[in-house]
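Visitor: Below you will find the structure I want to go over with you.
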Amino acid sequence: MITQLDRSIYLASRSPRRRELLAQIGVRFQVLMFRDQPKTDAELDEMPLEGEAPRAYVERLARAKAQAGWQRIEQRKLPRAAVLAADTTVVVDQRILGKPADRREAAEMLAALSGRQHQVLTAIALRYESQLECAVSVSEVEFGVLSQDEIRQYVASGEGDDKAGAYAIQGRAAQFVTTLRGSFSSVMGLPLYETAQLLQRMGAQQDRRK
């Protein structure tokens, strides 16, 4: 990948998938870690607000994570560089399916997705100094009909733990997908096209200010 933001950025995410995707397009980055239990930070509360639309929800969380990452840079007096953050959610019938609280809830989520089409929304946010830009990628995924045994075996594998919608498309859950319209990388957790565009745009803007 050729980007005008040649310097290293911070990735405000623990996700190994997002690290792999950034590396895939040649972006140099450092992982910016939060506390061991990020949900204790008010700005990172992942509970949807009452009546909040799914798109507004993922965009709000991505922005909050980027803002929190920038604050962490300032608090720790780290070298200043752009902070990239992302948030992904699964939506069926306008119901937001975040990360399952336990495997019982994971099984319920997969049952709700069985034989149906759902949306996967991933928002990315890039923060540098006072500048904050955001983009949202929306993909449509359809599952075949899942048997109770298929759901049970998948949940028991642990692959869906800590995943929005209780599944990982890059893993065993790929066998459930009959149709995908949109971005595979976005369903994984980081839309590469939108990410590259944001990095290029911010890099160009920074260069103009020099």
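Visitor: Show the residue pairs meeting these rules: Cβ distance below 9 Å; 6+ apart or different chains; first residue within the stretch 142-169 and among the basic types (Lys, Arg); second residue surrounded by 14 or more Cβ atoms within 10 Å (Cβ to Cβ) and outside any loop (DSSP other than H, G, I, E, B).
Guide: Arg152/Ala107; Lys163/Thr88; Lys163/Val90; Lys163/Ala106; Lys163/Ala173
Visitor: A further question follows. Going by the conditions given, is Leu11 crowded, with 19+ Cβ neighbours inside 10 Å and at pLDDT below 95?
Guide: Spelling it out, it is not the case that Leu11 is crowded, with 19+ Cβ neighbours inside 10 Å and at pLDDT below 95.
Visitor: Quick one: is Arg127 modelled with pLDDT of 95 or more and of a type in the set (Lys, Arg)?
Guide: Working: modelled with pLDDT of 95 or more: yes; of a type in the set (Lys, Arg): yes.
Criteria met by Arg127.
Visitor: Quick check on Phe176: is it touching a strand residue (DSSP E or B) at 6+ places or on another chain (Cβ under 9 Å) and either farther than 25 Å from Lys65 by Cβ or crowded, with 23+ Cβ neighbours inside 10 Å (or both)?
Guide: In short, yes.
Visitor: Restricting the first residue to the stretch 107-132 and requiring it to be farther than 28 Å from Ser147 by Cβ, which pairs with a second residue that is of a type in the set (Ser, Thr, Tyr) and surrounded by fewer than 23 Cβ atoms within 10 Å (Cβ to Cβ) meet a Cβ separation below 9 Å and a spacing of at least six or different chains?
Guide: Thr122/Thr89; Thr122/Ser139; Thr122/Ser183; Ala123/Tyr57; Ala123/Thr89
Visitor: So, one more: Could you grab me the full set of residues in the stretch 151-180 that are more than 21 Å from the chain's Cα centre (by Cα), farther than 10 Å from Leu110 by Cα and of a type outside the set (A, V, I, L, M)?
Guide: Gln153, Ser157, Gln175, Thr178
Visitor: Taking only the stretch 71-120 into account, find how many residues are of a type in the set (A, V, I, L, M, F, W, C), over 17 Å from Phe143 (Cβ atoms) and within 19 Å of the chain's Cα centre (by Cα).
Guide: From the stretch 71-120, those of a type in the set (A, V, I, L, M, F, W, C) are 73, 78, 81-86, 90-92, 96-97, 101, 106-107, 109-113, 120; that's our starting set.
Of the ones still in play, those that are also over 17 Å from Phe143 (Cβ atoms) are 73, 78, 81-86, 96, 101.
Then keep just the ones that are within 19 Å of the chain's Cα centre (by Cα); that gives 82-86, 96, 101.
Total satisfying the criteria: 7.
Visitor: Somewhere in the stretch 83-93, is a residue part of a strand (DSSP E or B), under 29 Å from Gln175 (Cβ atoms) and not β-branched (Val, Ile, Thr)?
Guide: Keep residues of the stretch 83-93 that are part of a strand (DSSP E or B), which gives 83-92.
Going one step further and asking which of them are under 29 Å from Gln175 (Cβ atoms), we end up with 86-92.
From what's left, not β-branched (Val, Ile, Thr): 86-87.
Checked against the condition, which is being part of a strand (DSSP E or B), under 29 Å from Gln175 (Cβ atoms) and not β-branched (Val, Ile, Thr), the stretch 83-93 yields at least one hit.
Visitor: Let me ask another. Tally the residues that are surrounded by 16 or more Cβ atoms within 10 Å (Cβ to Cβ), closer than 20 Å to Ala12 by Cα and of a type in the set (Gly, Ala, Ser), restricting the search to the stretch 104-153.
Guide: Summing the residues that are surrounded by 16 or more Cβ atoms within 10 Å (Cβ to Cβ), closer than 20 Å to Ala12 by Cα and of a type in the set (Gly, Ala, Ser) in the stretch 104-153 gives 4.
Visitor: I need a count of the residues in the stretch 20-49 that are surrounded by 12 or more Cβ atoms within 10 Å (Cβ to Cβ), at pLDDT 90 or above and either of a type in the set (Ser, Thr, Tyr) or assigned to a loop (DSSP other than H, G, I, E, B) (or both).
Guide: 5
Visitor: Any residue at all in the stretch 67-75 that is over 21 Å from Gly182 (Cα atoms), among the polar types (S, T, N, Q) and crowded, with 17+ Cβ neighbours inside 10 Å? Before the answer, list the steps.
Guide: Taking the stretch 67-75 first, the residues over 21 Å from Gly182 (Cα atoms) are 67-75.
Now drop any that are not among the polar types (S, T, N, Q), which leaves 67, 71, 75.
Applying the additional criterion that residues be crowded, with 17+ Cβ neighbours inside 10 Å yields 67.
Yes.
The values are calculated or read from the model by the stated rules, or taken from the named source; none is laboratory data. Bear in mind that the values here come from a model prediction, so they are computed numbers and not experimental data. Neighbour counts run over all protein chains shown; Cβ positions are idealised from the backbone, glycine included.
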